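The structure appears right after this line, and notes come after that.
The values are calculated or read from the model by the stated rules, or taken from the named source; none is laboratory data. Worth saying up front: this structure is predicted, and the values here are computed from it rather than measured. We place every Cβ from the backbone using ideal geometry, glycine too, and count neighbours over all the protein chains shown.
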């Protein structure tokens with residue numbers, strides 16, 4: 001059985017400037033790692049239940065979920081290197097053929 005790809009959950013809000021500025025960075029990471037990572041965007045105003053479940057205190061907020069467990073979280077605006085250092089240890093190895101197919 002192939003393990004599920006980790007999921008990076010991006011908690012945002014329409015009224016948060018810092019969260020809106022992070023959107024393009026997360027879109028880039030999602031494209032770059034699409035064969036190894038899923039990225040999901042959650043607006044806390046639309047889904048306060050999820051924000052409470054993940055204990056979101058401020059936005060932007062990132063939660064990395066692996067095997068249905070939150071393994072890491074970042075609160076506040078984050079840089080690409082900081083996000084990559086958070087996710088990289090949890091990303092599965094993908095055979096070269098799969099990585100090439102994902103890019104094509």
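Conditions tested, residue by residue: (1) within 16 Å of residue 32 (Cβ to Cβ); (2) surrounded by 18 or more Cβ atoms within 10 Å (Cβ to Cβ); (3) in contact with a helix residue (DSSP H, G or I) (Cβ under 9 Å, 6 or more places away or on another chain); (4) touching a residue at least 60 places away in the same chain (Cβ under 8 Å).
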position	(1), (2), (3), (4)
62	yes, yes, yes, no
66	no, yes, yes, yes
89	no, no, no, no
93	yes, no, no, no
Residue in region 46-62 that is assigned to a strand (DSSP E or B) and either at pLDDT below 95 or farther than 14 Å from residue 6 by Cα (or both) present
yes
Failed item in (1) crowded, with 16+ Cβ neighbours inside 10 Å; (2) free of Cβ contacts under 8 Å to residues at least 40 places away in the same chain; (3) over 14 Å from residue 91 (Cβ atoms), with residue 72 passing the rest
(3)
Which of the residues spanning region 37-55 are in contact with a helix residue (DSSP H, G or I) (Cβ under 8 Å, 6 or more places away or on another chain) and crowded, with 18+ Cβ neighbours inside 10 Å?
37, 39, 42, 44
Out of the residues in region 9-22 that are farther than 14 Å from residue 75 by Cβ and touching a residue at least 12 places away in the same chain (Cβ under 8 Å), which is farthest from the chain's Cα centre (by Cα)?
15
Does residue 4 satisfy being in a loop (DSSP other than H, G, I, E, B) and surrounded by fewer than 18 Cβ atoms within 10 Å (Cβ to Cβ)?
yes
